[in-house]
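Asks: Before I ask anything, let me first share the structure, which is written out below as structure tokens.
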Amino acid sequence: MHAPRPYAIPVDLLLLAYRNGIFPMADSRHDQEVFWVEPRDRAIIPIGGFRCSRSLARTLRRERFTVTYDRDFEAVVRGCAEPRPDHPESWISERIIASYRDLHAAGHAHSIECWQDGELVGGVYGVAFDRVFCGESMFSRERDASKVALAWLMALLERAGCELFDCQFMTGHLASLGAVELPQADYLQKLEAASGSQPRSLKQAYDSLLAEAPDSPGKLIAQSLTQTS
């Protein structure tokens, strides 16, 4: 007997939730149910406010990883769901994966991947609508891979004209990267202010970056982030 295929949350329902400051989670990777979360306090990284350390800037300039956009979205989501020493359980269930796979197919979920010697070693994914990007999760299999992916994402969001980057819950790690916490009511105001079309898509921002610096995009990313952080 095959296990039943998880049914995805409808794309329209997911987008409606995000537009109202709500997102789904599961209790565990094996749970077929989801619950809806509206945090009392919200973490965001202000566009232009990503904190790029000297060591991260050095890693970016050295081009340790090949960084791509939407090359393997599902692999990034599954990488984020893998057990970790400090987080053996995950809120990313098969139903969550199926839901965001459909959202990606509809053009509203994207990933940044880091590759090394042809292997996926890190990445970040999230949800895009209007001038908003909601970061969902990131992972690393090599040192600094997730930080590099997030640095690229923040630089691309700024280049695209995004106005709000949501990272849901505050952690010490996110605070070190420039995240700030604000009440949910303030977040909803920022969400409303960021409605409307974005000047560029993330794909257009990615393509323009590679066209501008085909041999050293990491150096350009490091320069842009250290100037604004």
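The values are calculated or read from the model by the stated rules, or taken from the named source; none is laboratory data. For clarity, every value in this text was computed on a predicted model and none was experimentally measured. Here Cβ is always computed from backbone atoms with ideal geometry, including for glycine, and neighbour counts include all displayed protein chains. Keep in mind that these areas ignore ligands, DNA and RNA; they rest on the heavy atoms of the full protein, side chains included. Shrake-Rupley method; radii C 1.70, N 1.55, O 1.52, S 1.80 Å.
Asks: Can you name the residue in the range 34-57 that is of a type in the set (D, E, K, R) and touching a residue at least 24 places away in the same chain (Cβ under 8 Å) and is also least open to solvent (accessible area, probe 1.4 Å) among such residues?
Replies: Only one residue tops the list, namely 42.
Asks: Of 196, 178, 218, which residue is of a type in the set (Gly, Ala, Ser) and touching a Pro at 6+ places or on another chain (Cβ under 8 Å)?
Replies: The unique qualifying residue is 178.
Asks: Checking residue 30 against (1) over 18 Å from residue 140 (Cβ atoms); (2) under 18 Å from the mean Cα position of the chain (by Cα); (3) in a loop (DSSP other than H, G, I, E, B), which single condition isn't satisfied?
Replies: Residue 30 satisfies every listed condition except (2).
Asks: Give me the residue from the range 101-117 that is more than 14 Å from residue 145 (Cα to Cα) and free of Cβ contacts under 8 Å to residues at least 40 places away in the same chain and, out of that set, least open to solvent (accessible area, probe 1.4 Å).
Replies: 109
Asks: For the range 130-145, what are the residues that are in a strand (DSSP E or B), open to solvent by 10 Å² or more (accessible area, probe 1.4 Å) and either touching a Lys or Arg at 6+ places or on another chain (Cβ under 7 Å) or more than 22 Å from residue 192 (Cα to Cα) (or both)?
Replies: Hits for the range 130-145 are 137, 138, 140.
Asks: Now, a different point. Can you go through 120, 157 and tell me which one is at pLDDT 95 or above and either open to solvent by less than 10 Å² (accessible area, probe 1.4 Å) or part of a loop (DSSP other than H, G, I, E, B) (or both)?
Replies: 157
Asks: Then there's this: Output the number of residues of the range 15-24 satisfying the condition of being open to solvent by 40 Å² or more (accessible area, probe 1.4 Å) and under 18 Å from the mean Cα position of the chain (by Cα). Write out each step before concluding.
Replies: Step one: filter the range 15-24 for residues open to solvent by 40 Å² or more (accessible area, probe 1.4 Å), giving 16, 19-20, 22.
After this cut, where a residue has to be under 18 Å from the mean Cα position of the chain (by Cα) as well, the list is 19, 22.
Of the residues in the range 15-24, 2 are open to solvent by 40 Å² or more (accessible area, probe 1.4 Å) and under 18 Å from the mean Cα position of the chain (by Cα).
Asks: Further, regarding this structure: Given the condition aromatic (Phe, Trp, Tyr) and surrounded by fewer than 20 Cβ atoms within 10 Å (Cβ to Cβ), answer yes or no: does some residue in the range 193-212 qualify?
Replies: No, the range 193-212 contains no residue that is aromatic (Phe, Trp, Tyr) and surrounded by fewer than 20 Cβ atoms within 10 Å (Cβ to Cβ).
Asks: From the list 12, 86, 70, 27, which residue is surrounded by fewer than 16 Cβ atoms within 10 Å (Cβ to Cβ) and modelled with pLDDT of 95 or more?
Replies: It is 12.
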